[in-house]
Amino acid sequence: MADGTKDAGSSNQMWGGRFASGPDAIMEEINASIGFDKKLYAQDIRGSIAHATMLAKQGIISVEDKDKIVEGLNTILSEIREGRFEFSRKLEDIHMNIEARLAALIGPAAGRLHTARSRNDQVALDFRLWVKEEMGKTEAALTDLINALLDKAEEHADTVMPGFTHLQTAQPVTFGHHCMAYVEMFGRDRARVRHAIEHMDESPIGAAALAGTGFAIDRHMTAEALGFRGPTRNSIDTVSDRDFALEFLSVASICAVHLSRFAEEIVIWSTPQFGFIRLSDAFSTGSSIMPQKKNPDAAELVRAKTGRINGSLIALLTVMKGLPLAYSKDMQEDKEQVFDAAENLELAVAAMAGMVRDMTVRADRMRAAAGSGFSTATDLADWLVREAGLPFRDAHHVTGRAVAMAEAKGCDLADLSLEELQSIHASITDKVFDVLSVDASVASRTSFGGTAPSEVRKQIAWWRGRN
């Protein structure tokens, strides 16, 4: 054990004279959080340095004590980073572990650090700083994934593939357009991250236990020092609030759903039955018994991690749902859920960006599939409306008869003769064949946000401009 922590005393001494004896083994087991909240060490030390600096400036502690505190905290930071700091479960949490070590290093001056603050606002600060930093990493990771998708979309702006509804062939689209759908999804995720950072960008330190403090502290000074736009405005809400953690988990869960949908498509596309893409060995595994197998394990694991991330959101929502104001010990259960979700989201986003860059698109298979399932039927109906003047419902009926005829003959719509089409409706001319190919179909979809290659390139350029 590091010097100073060994003789710091039992938990009852930390709590003061109110408790005659320390908690037994069961209480220690349920109460201790150092096993996971030690992840907050850097934020705890950063917050304490800002707090001590403010206390000295306000004349609440001496500059000499402040200098000792800051020097001691920086020593502890080095010890932890270098693996020389031993954490004690008897000291419960990261705050008391650091404070005990500080006392061993600098003596009585360490006891002045906790002036005008409580562990309630201290943990709220540490956790908020950690989540804010993690959201910055998430934003950067999503930007990288978006860039990977933009590159793939640009490469395949003209690559024709089937578009699906109900996983049934619907209309031809381009693979570039399909990639851009995920750009939109992950772009919304990134916007939610940015909004969440904005919502939580207030400093909790100085709220103390729940009522503020009678010391003449400067909360605006500590907020600025810690990179917040300002301090929180209600001390009760400050120590009660875990919205920032819930919002992160909400953002993470929605993003994980998007990742899972994309992963599902990668799994489907890489099957021999579809054969739309290939993943290299970097993102695939083989079978222990079937030598022909190449399994898209990375995509499957991304898909599975959604359950963990969504579960973390539900867990914390359930913890918070019945808590009266202000702080309750239940809130200690917030961190493990957020830590786990953040770790798995970060891994899943990185894996997806890797798979996007790694995948080989089999344009020939996509093109062959794009023309199947009478995918240009809507183009025939639209042509009948534009060129023959039919009401759309009538055109829909005529097209249905043409599909039935092609299905009976075992051919595509474009393979029906003009005479056969005219037997269904006399107004059909040979110009109809201009719209029955998949290339003509996608090229015609020039409405804003449509699948026409020209429109896909416009959307790519727009995203490049804002990314």
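The values are calculated or read from the model by the stated rules, or taken from the named source; none is laboratory data. As the structure is a prediction and not an experimental result, all values here were calculated from the model. Glycine also receives a Cβ, built like all others from the backbone with ideal geometry; neighbour counts cover every protein chain displayed. Accessible surface is based on the protein model in full, side chains and every heavy atom, while ligands, DNA and RNA are left aside. Shrake-Rupley method; radii C 1.70, N 1.55, O 1.52, S 1.80 Å.
Cβ-Cβ distance below 6 Å, separation of 6 or more or different chains: which pairs start in the range 141-161 with a residue that is modelled with pLDDT of 95 or more and end on one that is among the aliphatic types (A, V, I, L, M) and not in a helix (DSSP H, G or I)? As it stands, the answer is HIS156/VAL361, since those pairs meet every condition given. Selection of first residues in the range 451-464 that are over 18 Å from LEU145 (Cα atoms) and of second residues that are among the charged types (D, E, K, R) and at pLDDT below 95, restricted to Cβ pairs under 8 Å at least 6 apart or on distinct chains, gives the following pairs, ordered by first then second residue: THR451/ARG445; ALA452/ARG445; GLU455/ARG445.
One residue stands out among those in the range 328-371 that are among the small types (Gly, Ala, Ser) and open to solvent by 50 Å² or more (accessible area, probe 1.4 Å): the one that is nearest to ALA209 (Cα to Cα), which is ALA350. Taken over the range 179-204, residues that are touching a Ser or Thr at 6+ places or on another chain (Cβ under 9 Å), open to solvent by 40 Å² or more (accessible area, probe 1.4 Å) and part of a helix (DSSP H, G or I) amount to 1.
The selection criterion, being over 30 Å from SER444 (Cα atoms), open to solvent by 50 Å² or more (accessible area, probe 1.4 Å) and either at pLDDT 95 or above or within 34 Å of the chain's Cα centre (by Cα) (or both), holds for ARG112. Put simply, of SER253, SER235 the only residue that is touching a residue at least 24 places away in the same chain (Cβ under 8 Å) and within 26 Å of LEU345 (Cα to Cα) is SER253. Which one is farthest from the chain's Cα centre (by Cα), of the residues in the range 428-466 that are surrounded by 13 or more Cβ atoms within 10 Å (Cβ to Cβ) and of a type in the set (S, T, N, Q)? Residue satisfying both the conditions and the ranking: THR429.
One line per residue, one yes/no per condition, for (1) in contact with a His (Cβ under 6 Å, 6 or more places away or on another chain); (2) among the polar types (S, T, N, Q); (3) at positive phi:
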| residue | (1), (2), (3) |
| --- | --- |
| GLY371 | no, no, no |
| GLY389 | no, no, yes |
| VAL432 | no, no, no |
| VAL442 | no, no, no |
| GLN459 | no, yes, no |
| TRP462 | no, no, no |
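Counting the residues of the range 316-327 that are in a loop (DSSP other than H, G, I, E, B) and open to solvent by 20 Å² or more (accessible area, probe 1.4 Å) gives 6. Scanning the range 320-334 for residues that are without any contact (Cβ under 8 Å) to a residue 40 or more places away in the chain and either farther than 18 Å from ILE236 by Cα or not charged (D, E, K, R) (or both) yields GLY322, PRO324, SER328, GLU333.
So, ASP243, is that one surrounded by fewer than 15 Cβ atoms within 10 Å (Cβ to Cβ), at pLDDT 95 or above and of a type outside the set (Ser, Thr, Tyr) or not? Before the answer, list the steps.
Working: surrounded by fewer than 15 Cβ atoms within 10 Å (Cβ to Cβ): yes; at pLDDT 95 or above: yes; of a type outside the set (Ser, Thr, Tyr): yes.
Spelling it out, ASP243 is indeed surrounded by fewer than 15 Cβ atoms within 10 Å (Cβ to Cβ), at pLDDT 95 or above and of a type outside the set (Ser, Thr, Tyr).
In the set (1) on the phi > 0 side of the Ramachandran plot; (2) loosely packed, with under 15 Cβ neighbours inside 10 Å; (3) in contact (Cβ under 8 Å) with a residue 24 or more places away in the chain, GLY410 fails one condition alone, (3).
Filtering the range 219-240 to residues that are open to solvent by 40 Å² or more (accessible area, probe 1.4 Å), touching a Ser or Thr at 6+ places or on another chain (Cβ under 8 Å) and among the small types (Gly, Ala, Ser) leaves only ALA225.
Being under 19 Å from THR115 (Cα atoms), open to solvent by 40 Å² or more (accessible area, probe 1.4 Å), among the hydroxyl-bearing types (Ser, Thr, Tyr) and modelled with pLDDT of 85 or more, is that true of even one residue in the range 28-43? There is no residue in the range 28-43 that is under 19 Å from THR115 (Cα atoms), open to solvent by 40 Å² or more (accessible area, probe 1.4 Å), among the hydroxyl-bearing types (Ser, Thr, Tyr) and modelled with pLDDT of 85 or more.
Condition check ((1) open to solvent by 10 Å² or more (accessible area, probe 1.4 Å); (2) touching an Asp or Glu at 6+ places or on another chain (Cβ under 6 Å); (3) not aromatic (Phe, Trp, Tyr)) across all residues:
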position: MET54; (1), (2), (3): no, yes, yes
position: SER78; (1), (2), (3): yes, no, yes
position: LEU102; (1), (2), (3): no, no, yes
position: PHE127; (1), (2), (3): no, no, no
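Residues that are farther than 30 Å from ALA461 by Cβ, open to solvent by less than 50 Å² (accessible area, probe 1.4 Å) and either in a helix (DSSP H, G or I) or free of Cβ contacts under 8 Å to residues at least 60 places away in the same chain (or both) occur in the range 206-218; there is at least one. Looking across the range 378-389, the residues that are out of contact with any Phe, Trp or Tyr (no Cβ under 8 Å at 6 or more places or on another chain) and open to solvent by less than 20 Å² (accessible area, probe 1.4 Å) come down to ASP379, LEU380, TRP383, LEU384. Looking only at residues of the range 295-315 that are of a type in the set (D, E, K, R) and under 26 Å from ARG242 (Cα atoms), we find that the one that is least open to solvent (accessible area, probe 1.4 Å) is LYS305.
Name the residue that is farthest from ASP218 (Cα to Cα), counting only residues in the range 56-76 that are open to solvent by less than 40 Å² (accessible area, probe 1.4 Å) and without any contact (Cβ under 8 Å) to a residue 24 or more places away in the chain.
Let us first name the residues in the range 56-76 that are open to solvent by less than 40 Å² (accessible area, probe 1.4 Å), namely 56, 61, 65, 69-70, 72-73, 76.
Subsequent filtering for residues that are without any contact (Cβ under 8 Å) to a residue 24 or more places away in the chain retains 56, 70.
Working: ALA56: 11, VAL70: 18 Å.
Only one residue tops the list, namely VAL70.
Would you say ASP121 is modelled with pLDDT of 95 or more, under 23 Å from MET180 (Cα atoms) and either of a type outside the set (Phe, Trp, Tyr) or surrounded by fewer than 23 Cβ atoms within 10 Å (Cβ to Cβ) (or both)? In short, no.
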